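The values are calculated or read from the model by the stated rules, or taken from the named source; none is laboratory data. What you are looking at is a predicted structure, and each value in this text was computed from that prediction instead of being measured. All Cβ positions, even for glycine, are placed from backbone atoms using ideal geometry, and neighbour counts span all protein chains on display.
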Amino acid sequence: MKSAVTTVVAAADAAGRFPSLSDIEAVKGSFDRAPARMEAAEKLAASIQQITSDAVDAIYNSGSYDQANKDKCARDINHYLRLINYCLVTGGTGPLDEWGIAGMREVIRIQRLPTVAYIEAFTYIRDRVAMPGGMDQQATTEFKGLLDYLINALS
């Protein structure tokens, strides 16, 4: 699984060198942000159902989408928020890359779900005024960074 450590080691290995001082500092930075990521993961886990419900209600109440897809969309949003939670714990995007983004477009296409609905849902979550459980600023930054990563992957 891709984490800050494995990413740095793999990049150095691919270049045929040992990790440099700047590589080590990048890993240290990831470790320094670990408490904020753990706070974000804990608070996200405690409110994941409510966040999913709020996001689905926000996009489907606009009347822009077929109501028949609402349950599938809610299931998928919950799934991707759980993957973001795993990413917060690991300190990298590996869980999202490996279990979410790689096959995501194909699944969405087969189920005939509008990708834009997912983008709107994750944008809504990212732009919420109140973050789950009152996350502090650094935890919110870590969470929103992963939401941005997912939104960009869907776009």
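Quick look at the numbers
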read-out: Complete set of residues in region 10-28 that are of a type outside the set (A, V, I, L, M, F, W, C) and free of Cβ contacts under 8 Å to residues at least 12 places away in the same chain; value: 13, 16, 17, 19, 20, 22, 25, 28
read-out: Some residue of region 43-50 being in contact with a Phe, Trp or Tyr (Cβ under 9 Å, 6 or more places away or on another chain) and either without any contact (Cβ under 8 Å) to a residue 60 or more places away in the chain or charged (D, E, K, R) (or both); value: yes
read-out: Filtered residues of region 13-46 (kept if over 18 Å from residue 145 (Cβ atoms), in contact with a helix residue (DSSP H, G or I) (Cβ under 6 Å, 6 or more places away or on another chain) and in a helix (DSSP H, G or I)); value: 23, 46
read-out: Checklist (1) under 17 Å from residue 115 (Cα atoms); (2) touching a Phe, Trp or Tyr at 6+ places or on another chain (Cβ under 8 Å) applied to residue 78, failing item; value: (2)
read-out: Failed item, numbered, when residue 83 is tested on (1) without any contact (Cβ under 8 Å) to a residue 40 or more places away in the chain; (2) over 17 Å from residue 148 (Cα atoms); (3) surrounded by 14 or more Cβ atoms within 10 Å (Cβ to Cβ); value: (2)
read-out: Pairs where the first residue, in region 137-155, is among the basic types (Lys, Arg) and the second is at pLDDT below 95, C-beta under 7 Å, 6+ apart; value: 144/126
read-out: Number of the exception - residue 4 against (1) free of Cβ contacts under 8 Å to residues at least 60 places away in the same chain; (2) out of contact with any Pro (no Cβ under 7 Å at 6 or more places or on another chain); (3) more than 16 Å from residue 147 (Cα to Cα); value: (1)
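Per-residue answers, yes or no, for (1) under 14 Å from residue 88 (Cβ atoms); (2) modelled with pLDDT of 95 or more; (3) not assigned by TED's automatic domain parsing to the domain that holds residue 77:
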site: 8; (1), (2), (3): no, no, yes
site: 25; (1), (2), (3): no, no, yes
site: 28; (1), (2), (3): no, no, yes
site: 46; (1), (2), (3): yes, no, no
site: 50; (1), (2), (3): no, no, no
site: 53; (1), (2), (3): no, no, no
